[in-house]
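Report on the structure given below.
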Amino acid sequence: MNPVLSTRQVRQFEERYGVLLPPSYRAFIMTVGDGTKPDYGSASSISRLASSYGDWVESGWPGFLATPFPHTEAVHADDLDDHEWDALTTGSMLIGRDGEAAARLVVTGPAAGQVWSDCLSINDTLYPGPDFSIWYPSRLPKRSR
């Protein structure tokens with residue numbers, strides 16, 4: 001487990017991206033740890049996200065995380081027009097793996113706090129999932145629960 005983040009570090013991330021992190025995720029990174037090693041639930045650290053994924057996203061689309069995630073139910077990419085495709089994953093960030101799928105934490109919008117299964121590279125679909133507080137413990141090896 002990576003070290004916990006201070007309130008100041010979390011606020012810096014939130015201010016940089018114009019978001020408030022979902023309460024369950026915020027509590028996790030401030031009391032448990034800022035991400036894990038892959039064999040302990042595979043949750044990426046926001047420090048790593050901010051230095052790599054975050055910079056890439058924000059350089060191509062300022063406000064990406066602050067733009068509300070537009071979905072509340074499963075969505076198949078083939079059903080979207082060009083504008084909807086461009087906004088397919090706004091308001092969310094990749095935080096790890098969920099089997100073959102990527103795990104995408106919704107940061108803004110009505111589904112904020114949920115971890116969605118990003119199967120876009122498998123079958124062009126995003127599937128809703130549980131709140132982070134349920135998703136993360138379900139990914140731990142039994143010996144760690």
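None of the figures in this text is laboratory data; all of them are computed from the coordinates on show. Since we're looking at a predicted model, the values are computed, not measured. Please note: Cβ atoms are built from the backbone with ideal geometry, for glycine as well, and neighbour counts cover all protein chains shown.
Observations
- Placing pseudo-labels 7 Å out from each Cα toward the beta carbon at Ile122 and Val4 gives an inter-label distance of 3.4 nm.
- Projected label distance in nm at Glu15 and His83, using a 7 Å step from Cα toward the beta-carbon: 3.5 nm
- For the peptides 76-89, 102-115, the ranking by packing is 102-115, 76-89, with the highest mean count of neighbouring Cβ atoms within 10 Å listed first.
- Backbone geometry of the range 92-102 corresponds, through the Karplus equation with coefficients 6.51, -1.76 and 1.60 at θ = phi - 60°, to 3J(HN,Hα) couplings of 9, 9, 6, 10, x, 10, 9, x, 7, 8, 7 Hz, x marking Gly and Pro.
- Segment Ser133..His76, full-extension length gain: 17.9 nm, with 0.36 nm per residue of separation and the alpha-carbon distance subtracted.
- The local environment of Ala103, defined by Cβ-Cβ distances under 9 Å, has a net charge of +1 under the rule Lys, Arg +1 and Asp, Glu -1.
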